[in-house]
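The values are calculated or read from the model by the stated rules, or taken from the named source; none is laboratory data. None of these values were measured; they are calculated from a predicted model. Please note: Cβ atoms are built from the backbone with ideal geometry, for glycine as well, and neighbour counts cover all protein chains shown.
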Amino acid sequence: MIKAMAMTTDVNVYYEEGCGRCDLFSTPQCKVKQWTQELEQLRRIVNECELGEESKWGMPCYTHNGNNVLMVSAFKQYVSLSFFKGVLLQDAEKLLVKQGENSQSARLFKFTNVKDILALETTIKAYIYEAMEVERQGLKVEFKQKDELEYPEELVQMLAQDQELNDAFEALTPGRKRGYIIHFTQPKQSKTRTSRIEKCIPEIMEGKGVFDR
């Protein structure tokens with residue numbers, strides 16, 4: 001089981017040392033360390049599109065007018081550039097894939113080498129600009145209920161961006177999942193809902209419920 005640690009809150013630290021959510025942080029075995037050049041190119045491409053850059057959930061998140069557009073992440077088998085509302089993109093070239101079977105909104109590019117990233121640079125930027133237009137138009141994704149529980153959008157986005165967190169949450173007992181959903185949906189403001197979810201991530205990763213803390 002992954003050891004819960006303090007998540008990275010600085011984008012530069014992420015790209016240099018990792019997300020800080022497991023005991024591989026700042027070691028040669030960290031996933032970020034395995035994809036240094038690929039992450040560097042993805043970061044450059046995204047920043048050339050003039051999105052805001054900040055750290056959310058321990059990873060680099062890129063925004064437009066305060067709205068989440070995409071994230072850049074390192075995994076064991078690949079690096080990704082993931083769009084929060086990727087399902088709304090045309091994706092005429094069929095290049096985007098789902099993070100997992102439960103992902104209703106996010107879609108991502110997967111890369112395993114710098115060559116492929118550079119070959120698709122123009123296309124990647126076109127997708128980014130389209131995602132920015134989605135935010136400018138205020139388009140929303142219609143989420144379906146899961147297991148008769150209505151997941152808040154903030155939780156859906158986090159699960160879509162983090163396969164390990166998604167697996168841990170879905171592995172919880174129905175009662176524990178319901179407890180978290182009730183806890184997460186109580187606040188009226190999205191910022192507060194997000195904060196509640198972030199604070200509960202260590203317990204979720206350990207298989208605990210909201211009342212087990």
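Taken over region 7-23, the criterion of being surrounded by 17 or more Cβ atoms within 10 Å (Cβ to Cβ) and over 15 Å from residue 33 (Cβ atoms) is satisfied by 7, 11.
Taken over region 124-141, the residue count meeting the criterion of being among the basic types (Lys, Arg) and under 11 Å from residue 65 (Cα atoms) is 1.
Consider residue 161 carefully, then state whether it is at pLDDT below 90 and closer than 22 Å to residue 76 by Cβ.
Here the answer is yes, as residue 161 does meet what is asked.
Residue-level check: of (1) under 24 Å from residue 9 (Cα atoms); (2) part of a helix (DSSP H, G or I); (3) at pLDDT 85 or above, residue 178 misses just (1).
Note on region 35-65: residues that are charged (D, E, K, R) and more than 15 Å from residue 9 (Cα to Cα) total 6. Restricting the search to helices (runs of 4 or more DSSP H) fully inside region 105-175 and requiring at least 3 residues that are of a type in the set (A, V, I, L, M) gives 114-119, 121-136, 153-161. Here is the figure for region 87-119: residues that are among the β-branched types (Val, Ile, Thr) and either out of contact with any helix residue (DSSP H, G or I) (no Cβ under 6 Å at 6 or more places or on another chain) or in the same structural domain as residue 171 (by TED's automatic domain parsing) (or both) total 3. The combined condition, being basic (Lys, Arg) and surrounded by 15 or more Cβ atoms within 10 Å (Cβ to Cβ), is not fulfilled by residue 76. For region 105-138, a residue qualifies if it is aromatic (Phe, Trp, Tyr) and farther than 17 Å from residue 92 by Cβ, and exactly one does: 111.
Taken residue by residue, region 30-49 has no member that is exposed (fewer than 14 other Cβ atoms within 10 Å of the Cβ) and within 26 Å of residue 171 (Cα to Cα).
I'd like to verify a number: residues in region 184-213 that are more than 19 Å from the chain's Cα centre (by Cα) and either within 24 Å of residue 8 (Cα to Cα) or not in a helix (DSSP H, G or I) (or both), how many? Qualifying residue count for the region: 12.
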